[in-house]
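Peer 1: One structure, pasted below without further comment.
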Amino acid sequence: MAIDHVGAGRTGRRDAILRAAADLFAARGFHGVSIEELGRAVGTSGPALYRHFPGKEALLAAMLLDISERLAADGAAHVAAAHSPEDALDRLLRGHIAFALGEPALITVHDRELGNVPEPQRRRVRRLQRGYVEQWVDVLARLRPGVSAEELRAAVHATFGLLNSTPHSAGRLPSGRMADLLLAMGRAALLASARPGG
């Protein structure tokens with residue numbers, strides 16, 4: 001039992017470091033935050049962080065890998081639990097909206113700092129993200145037969161841009177109202193039909 005408690009403590013500390021780092025990186029940029037500042041943010045020394053991460057780049061990589069893995073796993077679970085393509089789309093949208101409203105700092109860090117992740121981990125993040133996009137494309141293909149995969153993929157990426165706007169828009173409305181607005185706009189964007197030449 002003691003081993004489990006130690007493991008839980010390490011996991012809790014690691015998660016606290018990742019949360020604090022996301023907030024600091026979002027506010028001041030990856031290069032604008034020192035390891036000492038990261039340590040202070042979680043009530044420890046900078047060098048103590050090396051027990052959890054070998055360096056700042058590894059911490060950033062873990063942060064972006066964690067969220068990419070979580071989105072991919074949650075997306076698969078949403079699709080598996082759905083009883084229809086419409087339900088699957090609704091679950092995917094609600095899941096992503098919950099992430100976007102709950103983790104705006106992570107969205108900012110990903111947009112600005114992915115280039116600072118070491119190449120092997122960056123490739124893995126990109127691979128996970130492509131898989132997540134394809135989950136959405138597969139659902140949309142059942143709702144919009146006859147539309148090319150390229151168009152569906154473009155619609156998914158455009159919708160992610162809309163949903164991931166929360167670092168700029170969150171807080172302007174109560175979270176429930178904002179979630180409803182994003183859900184309606186996300187559905188409309190994904191199901192919109194492009195007019196030839198329009």
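The values are calculated or read from the model by the stated rules, or taken from the named source; none is laboratory data. Computed from a predicted structure; not experimentally measured. Every residue, glycine among them, receives a Cβ derived from its backbone with ideal geometry; neighbour counts consider all protein chains shown. Accessible surface areas use protein heavy atoms only, side chains included; no ligands, DNA or RNA. Shrake-Rupley method; radii C 1.70, N 1.55, O 1.52, S 1.80 Å.
Peer 1: Can you go through Ser193, Ser175 and tell me which one is out of contact with any strand residue (DSSP E or B) (no Cβ under 6 Å at 6 or more places or on another chain), within 16 Å of Leu89 (Cβ to Cβ) and open to solvent by 30 Å² or more (accessible area, probe 1.4 Å)?
Peer 2: Details: Ser175 fails: within 16 Å of Leu89 (Cβ to Cβ).
Of Ser193, Ser175, the one residue that is out of contact with any strand residue (DSSP E or B) (no Cβ under 6 Å at 6 or more places or on another chain), within 16 Å of Leu89 (Cβ to Cβ) and open to solvent by 30 Å² or more (accessible area, probe 1.4 Å) is Ser193.
Peer 1: Has region 130-145 got any residue that is modelled with pLDDT of 95 or more, touching a Ser or Thr at 6+ places or on another chain (Cβ under 7 Å) and open to solvent by less than 20 Å² (accessible area, probe 1.4 Å)?
Peer 2: The answer is no, given that none of the residues of region 130-145 is modelled with pLDDT of 95 or more, touching a Ser or Thr at 6+ places or on another chain (Cβ under 7 Å) and open to solvent by less than 20 Å² (accessible area, probe 1.4 Å).
Peer 1: Using beta carbons and a limit of 7 Å, which pairs, at least six apart or on different chains, have the first residue in region 129-155 and closer than 19 Å to Arg70 by Cβ and the second one at pLDDT below 95 and in a loop (DSSP other than H, G, I, E, B)?
Peer 2: Close Cβ pairs (under 7 Å, with a partner that is at pLDDT below 95 and in a loop (DSSP other than H, G, I, E, B)) do not exist here.
Peer 1: Going by the conditions given, is Glu103 open to solvent by 20 Å² or more (accessible area, probe 1.4 Å) and either without any contact (Cβ under 8 Å) to a residue 12 or more places away in the chain or over 30 Å from Gly55 (Cα atoms) (or both)?
Peer 2: No, not satisfied.
Peer 1: Right, something else. Can you name the residue in region 30-45 that is surrounded by fewer than 15 Cβ atoms within 10 Å (Cβ to Cβ) and in contact with a helix residue (DSSP H, G or I) (Cβ under 7 Å, 6 or more places away or on another chain) and, of all such residues, is nearest to Glu103 (Cα to Cα)?
Peer 2: Glu37
Peer 1: Can you tell me which residues in region 101-128 are among the aliphatic types (A, V, I, L, M) and over 25 Å from Arg142 (Cα atoms)? Steps first, please.
Peer 2: Of region 101-128, the ones among the aliphatic types (A, V, I, L, M) are 101, 105-107, 109, 114, 117, 125, 128.
Matches in region 101-128: Leu101, Ala105, Leu106, Ile107, Val109, Leu114, Val117, Val125.
Peer 1: Do we find that Ala98 is over 25 Å from Leu60 (Cβ atoms), open to solvent by 60 Å² or more (accessible area, probe 1.4 Å) and under 18 Å from the mean Cα position of the chain (by Cα) in this structure?
Peer 2: no
Peer 1: When you check Pro167 against the structure, is it farther than 21 Å from Ser84 by Cβ and either assigned to a loop (DSSP other than H, G, I, E, B) or within 15 Å of the chain's Cα centre (by Cα) (or both), yes or no?
Peer 2: When the stated conditions are applied, Pro167 passes them.
Peer 1: Would you check which residues across region 111-123 are more than 22 Å from Arg28 (Cα to Cα) and open to solvent by 100 Å² or more (accessible area, probe 1.4 Å) and list them?
Peer 2: Within region 111-123, Arg123 is the sole residue that qualifies.
Peer 1: Search region 72-95 for residues being among the hydrophobic types (A, V, I, L, M, F, W, C) and open to solvent by 40 Å² or more (accessible area, probe 1.4 Å), and hand back the single one that is farthest from Pro174 (Cα to Cα).
Peer 2: Among residues in region 72-95 that are among the hydrophobic types (A, V, I, L, M, F, W, C) and open to solvent by 40 Å² or more (accessible area, probe 1.4 Å), the one farthest from Pro174 (Cα to Cα) is Ala80.
Peer 1: Another one. Gly161 is checked against (1) open to solvent by 70 Å² or more (accessible area, probe 1.4 Å); (2) in a helix (DSSP H, G or I); (3) among the small types (Gly, Ala, Ser) and fails just one. What number does that condition carry?
Peer 2: Among (1) open to solvent by 70 Å² or more (accessible area, probe 1.4 Å); (2) in a helix (DSSP H, G or I); (3) among the small types (Gly, Ala, Ser), Gly161 violates only (1).
Peer 1: Suppose the filter is within 27 Å of Ala20 (Cα to Cα), in a helix (DSSP H, G or I), without any contact (Cβ under 8 Å) to a residue 40 or more places away in the chain and of a type outside the set (Ser, Thr, Tyr); does Arg126 pass it?
Peer 2: So Arg126 fits the description; yes.
Peer 1: Any residue that is open to solvent by 10 Å² or more (accessible area, probe 1.4 Å), closer than 25 Å to Leu162 by Cβ and either in a helix (DSSP H, G or I) or in contact with a Cys (Cβ under 9 Å, 6 or more places away or on another chain) (or both) - is there at least one of those in region 50-64?
Peer 2: no
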